[in-house]
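The values are calculated or read from the model by the stated rules, or taken from the named source; none is laboratory data. Worth saying up front: this structure is predicted, and the values here are computed from it rather than measured. Using ideal geometry, Cβ is built from the backbone for each residue, glycine included, and neighbour counts are taken over all protein chains shown. Remember, those area values only see protein heavy atoms, side chains included, never the ligands or the DNA or RNA. Shrake-Rupley method; radii C 1.70, N 1.55, O 1.52, S 1.80 Å.
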Amino acid sequence: TKRILSGVQPTGQLHLGNYLGAVRNWVAEQHHYESFFCVVDLHALTVPQEPAELRQATRRTAALYLASGIDPQVAVVFVQSHVPAHTELTWLFNCLVPTNWLERMIQFKEKATKLGSEVSVGLFDYPILQAADILLYQPHLVPVGEDQRQHLELTRDIARRFNDRFGETLRVPEADIRKEGARVMSLQDGTAKMSKSDPSDLSRINLLDSPDRLREKIKKAKSDPIMGLRFDPERPEATNLLTVYQLLSGLERDAVEKRFAEVGFGKFKPELAELLIEYLRPIRDRYDAIVGETGYLDGILRDGAERASAVASATLGLVREKLGLLPPF
Ligand code: TYM
């Protein structure tokens, strides 16, 4: 069977972009692939984090994978820092990749601009750690949102370079980016991506938002004054909210457009809010049950780290050998 691997950073909590762009697709794919889903805590450390909050966010993120429908009997759910092979392979790749490959990375440039003077070496190296995350598991596919396309290209380049220099060793994986949901936009600005780092919480739907909070956020979401909602590139807010409606309702695009063809945001928004509330309710309930059961999540993460380590060490062993490192005695 084919393999997939993906991950989310434990910062804040999962939002609708993470869910529709990534996690929802993992849930569908876990039954068709041997699956590895990682909470990438070492990636979160590339920008300053409050230690207690990082620890909590790591558990929260893993619990939300499960609450969203990841089945730990089927998929391997683990925390990146529990599998030291990730950092070791990062070093080995560091010595193989020219710095100019990293200087081209759009996300690095954006984050570095935002941070100003304090840019860590880790932030620069971020894409190499991501390549290590992926290539250790020899996956065929990596299900992610649109914003990860360039990191996946780099990962493929690193695998190819390694194979060219040292012989076929690493599988060159494909990005698995869906047409719909791969780029969910901010509620406050239909031209900006929904993001954990947006200072305004009103810009995003968190999976654990209460019904009242969801109603408030949808009510305050940016809209336009045109009657009749359409998927229309000139109307980014309408297009974004209709897309969310489409994905959560399971209706066809045409059916969604027909349904709201004669109304404005005033009629549409309450319907969208109620759909969101009903869709997210079971996720919130399962989340509460998971975190309420002492030791349950710990057991899953312990088991996940063990299963992940077995696969990761095998690849790392091959890489070490090809590079000429003396095996330990
Ligand atoms: P992160 O934590 O920013 O996001 C996790 C996943 O959610 C997707 N995503 C979105 N999809 C649609 N609309 C949005 N507004 C939106 N925002 C985020 C992302 O594309 C991603 O799939 N570098 C990665 C984490 C990572 C990783 C990996 C992913 C580290 N190692 C190995 C895959 C494989 C990141 O920052 O994702």
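The figures follow:
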quantity: Meets criteria (open to solvent by less than 40 Å² (accessible area, probe 1.4 Å), touching a residue at least 12 places away in the same chain (Cβ under 8 Å), under 20 Å from Tyr279 (Cα atoms) and more than 15 Å from the ligand (Cβ to nearest atom)) for Ala67; calculated: yes
quantity: In the stretch 1-40, residue farthest from the ligand (Cβ to nearest atom) [restricted to those that are open to solvent by 10 Å² or more (accessible area, probe 1.4 Å) and either polar (S, T, N, Q) or at pLDDT below 95 (or both)]; calculated: Thr1
quantity: His86, sole failed condition from (1) at pLDDT below 95; (2) in a helix (DSSP H, G or I); (3) within 19 Å of His140 (Cα to Cα); calculated: (1)
quantity: Members of the stretch 192-213 found to be surrounded by 14 or more Cβ atoms within 10 Å (Cβ to Cβ), aliphatic (A, V, I, L, M) and either within 17 Å of Glu237 (Cβ to Cβ) or within 10 Å of the ligand (Cβ to nearest atom) (or both), listed by number; calculated: Met194, Leu202, Ile205
quantity: Candidate set from the stretch 154-187 (those that are within 15 Å of the ligand (Cβ to nearest atom) and among the basic types (Lys, Arg)); member that is farthest from the chain's Cα centre (by Cα); calculated: Arg171
quantity: The stretch 214-244, residues that are open to solvent by 10 Å² or more (accessible area, probe 1.4 Å), within 16 Å of Lys267 (Cβ to Cβ) and free of Cβ contacts under 8 Å to residues at least 40 places away in the same chain; calculated: Pro225, Ile226, Met227, Arg230
